[in-house]
Each structure stands twice: as structure tokens, then as C-alpha cells.
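Have a look at the structure below before the remarks.
The values are calculated or read from the model by the stated rules, or taken from the named source; none is laboratory data. These numbers come from a predicted model, not from an experiment. For neighbour counting, all protein chains shown are included, and Cβ atoms are generated from backbone atoms with ideal geometry for every residue, glycine included.
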Amino acid sequence: MNRSITLLTLAALSTAATSAAAQSYTTTFDEGLDGWEGSNGSFLTTNTSNGNRHIRSVDETFGVWYRNTGNAEFLGDYTQSDSVTLSMDIRVDLLNSQNLPDTIVPYTRPLVVELRNYRYAGGFHQYGSVYFVLSREINETNQDDWTTFSITFDPSSTDLPEGWGGFGGDNDQDGPVLPEGATFADIVSNVDEIVFSTYDPEEFYLFAFFDVSVDNFSITRDAGCTADFNDDGVLDFFDVSLFINAFGAQDPAADLNQDRAYDFFDVSAFLSAYNAGCP
Ligand SMILES: [Ca+2]
Ligand SMILES: [Ca+2]
Ligand SMILES: [Ca+2]
């Protein structure tokens with residue numbers, strides 16, 4: 001390999017900066033349900049004072065849920081991204097035992113996001129899933145105005161990341177578990193359905209009166225970028241410099257084809273990634 005020519009090429013490339021922004025998608029409900037479906041008693045409504053459109057759910061039920069099986073923005077292979085953030089807004093106008101005369105007891109419920117993979121259907125379960133409790137304190141007091149909840153996670157994690165649970169395994173005498181042989185990454189490599197709900201799979205619930213509003217369901221996929229060596233979202237001289245240093249030091253970070261050799265193929269992979277830019 002002619003190292004000086006390679007360095008010149010890299011230097012030439014370094015003048016062409018490329019932006020690598022994370023990709024975000026939000027259902028605002030301003031244009032309709034956008035593939036989302038709500039539990040019984042859910043409907044689109046518009047705030048007359050500010051024109052904001054959202055879903056409102058009014059029902060006597062064990063819990064409310066919102067699921068999407070049709071909007072590809074929220075589904076598919078999460079493991080293509082370095083990190084994924086899921087977010088939603090919720091307001092609670094009523095969550096209590098109002099059905100019993102003179103004994104209005106406020107209830108507190110969790111708010112859960114669950115990612116379901118139908119390939120792990122089996123036994124008594126219709127899917128394998130992973131879930132995260134965004135809050136255990138959803139009630140009339142805490143959510144008397146809009147509150148945003150979100151979770152960011154590494155979709156390539158094999159173990160359940162901190163705070164996540166698994167569901168769909170048959171060996172669940174002590175609570176829900178991942179399907180046998182499935183990792184966290186296996187489940188989120190094929191998300192068929194995403195659900196926001198007040199159901200923690202580990203708990204059971206009494207009937208309650210709900211008047212809950214939700215809005216701004218969003219997903220942010222940070223695609224990551226091989227050539228962005230300093231992870232600042234921009235491809236420039238600093239990334240080239242860091243690559244050259246790592247390559248010279250035989251740092252595994254520069255072994256882009258992961259064959260433990262530091263040669264032309266790694267430089268070529270870096271050039272290709274750099275030229276491709278960041279998604
Ligand atoms: Ca809205
Ligand atoms: Ca960079
Ligand atoms: Ca290599």
C-alpha cells in the first residue's frame with residue numbers, strides 16, 4: 001500500500017464535510033391516526049384553544065393502550081441503528097374509582113412501551129416482546145398537564161438493558177421472561193408492533209375510569225456512522241485524523257472489516273464509508 005497516496009486521498013476527502021443527523025419521526029395526530037389504534041373509547045379530538053389534535057380515551061377499563069402495526073416508521077429492524085429513542089406525551093384528566101358512589105379513589109398506573117415480534121409466537125403467547133416502564137406514577141395529579149416520557153436504548157444489546165423486561169417465554173412462573181433463546185436484539189430486529197399502554201405485564205389491574213389524552217408518539221433512530229470517528233455527527237478532517245492515528249496504532253477501532261489485520265481493506269472501508277456520508 002502506498003501510504004502517502006492514501007493519506008493524500010484522505011486529506012482531499014476531508015474537505016467534504018457531510019452531516020449525520022439522527023432521523024426522527026413523530027405522529028402529531030394533526031393529520032389523523034397515522035397508523036395508530038387506540039383502546040376502546042379512543043378518538044381523535046382537537047383542543048379548541050390552540051388547535052392541537054391528539055387522541056383522547058374515555059372508558060371504564062383495566063387500562064388504555066395505543067398500538068401501531070402499520071406505520072413502517074415505527075417498525076422493522078431497530079438494530080440497524082446505534083441508538084433508538086421512543087417518546088410520547090400524556091395527560092390524565094381522570095383516573096379513579098368514580099364508578100363507586102361517593103368513594104372517588106385516585107388510581108396510579110404505569111406507562112409502558114412494548115416492542116412485539118410476532119416471529120416469537122409460541123406456547124400461550126402470540127408474540128415475544130421487550131418492554132420498558134416509562135413511569136410508575138401516572139395519575140391525575142402528576143399528569144394534570146402534558147408530560148413527556150422517553151427512553152433511549154442500544155438496540156444491539158443482547159442482554160435486556162437496565163429497566164427492560166422480556167415477555168413471551170413459557171418459563172414464566174416467576175414473571176414474564178424473554179422467549180427461550182431470544183436476546184433483546186433478536187426481539188427488536190423485527191418489531192411488528194409497538195404499544196404504549198398502562199399495562200405492566202407483571203401486574204394485574206382493577207377496573208378504573210380513564211380520561212387520558214396522548215400525543216406526539218415519536219421515534220428517533222440514530223443510524224450511527226462508521227466514518228464519524230469522534231461521534232459528533234459531522235464527517236471532517238478530525239475523523240480522518242483519528243482514523244489515521246488509530247490505523248497507525250493498530251487500534252481495533254480502525255480494523256473496520258474486523259479481521260484483526262490493519263491493511264488496505266480497512267483504509268478502503270474507511271474511504272467508502274466516508275464517501276457514502278452519514279445517513
Ligand atoms: Ca398533536
Ligand atoms: Ca466526526
Ligand atoms: Ca482489517
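For the reader, a short list of remarks on this structure follows.
- Of all residues in the range 193-216, those being in a strand (DSSP E or B) and either of a type outside the set (Asp, Glu) or within 16 Å of ligand 2 (Cβ to nearest atom) (or both) number 11.
- Selection of first residues in the range 212-235 that are within 12 Å of residue 26 (Cβ to Cβ) and at pLDDT 90 or above and of second residues that are away from ligand 1 (no atom under 16 Å from the Cβ) and among the β-branched types (Val, Ile, Thr), restricted to Cβ pairs under 9 Å at least 6 apart or on distinct chains, gives the following pairs, ordered by first then second residue: 217/194; 218/85; 219/84; 219/85; 219/194; 220/84; 220/85; 220/152.
- For the range 243-259, a residue qualifies if it is at pLDDT 85 or above and out of contact with any helix residue (DSSP H, G or I) (no Cβ under 7 Å at 6 or more places or on another chain), and the qualifying residues are 245, 248, 249, 250, 251.
- Residue match in the range 191-208 (condition: without any contact (Cβ under 8 Å) to a residue 60 or more places away in the chain and among the aliphatic types (A, V, I, L, M)): no
- Meeting the requirement of 1 or more residues that are modelled with pLDDT under 95 and within 14 Å of ligand 1 (Cβ to nearest atom), no strands (runs of 3 or more DSSP E) wholly within the range 13-66 can be named.
- Some residue of the range 181-201 being modelled with pLDDT under 95, in the same structural domain as residue 96 (by TED's automatic domain parsing) and under 15 Å from residue 121 (Cβ atoms): yes
- Residues located in the range 245-279, provided they are farther than 24 Å from residue 80 by Cα, outside any helix (DSSP H, G or I) and more than 12 Å from ligand 3 (Cβ to nearest atom): 249
- Residue match in the range 168-188 (condition: in contact with a helix residue (DSSP H, G or I) (Cβ under 6 Å, 6 or more places away or on another chain) and not hydrophobic (A, V, I, L, M, F, W, C)): yes
- Of everything listed in (1) within 16 Å of ligand 1 (Cβ to nearest atom); (2) not small (Gly, Ala, Ser); (3) not assigned by TED's automatic domain parsing to the domain that holds residue 69, the single unmet condition for residue 259 is (1).
- Checking each residue in the range 217-256 for being within 10 Å of ligand 2 (Cβ to nearest atom), loosely packed, with under 14 Cβ neighbours inside 10 Å and of a type in the set (D, E, K, R) picks out 231, 232.
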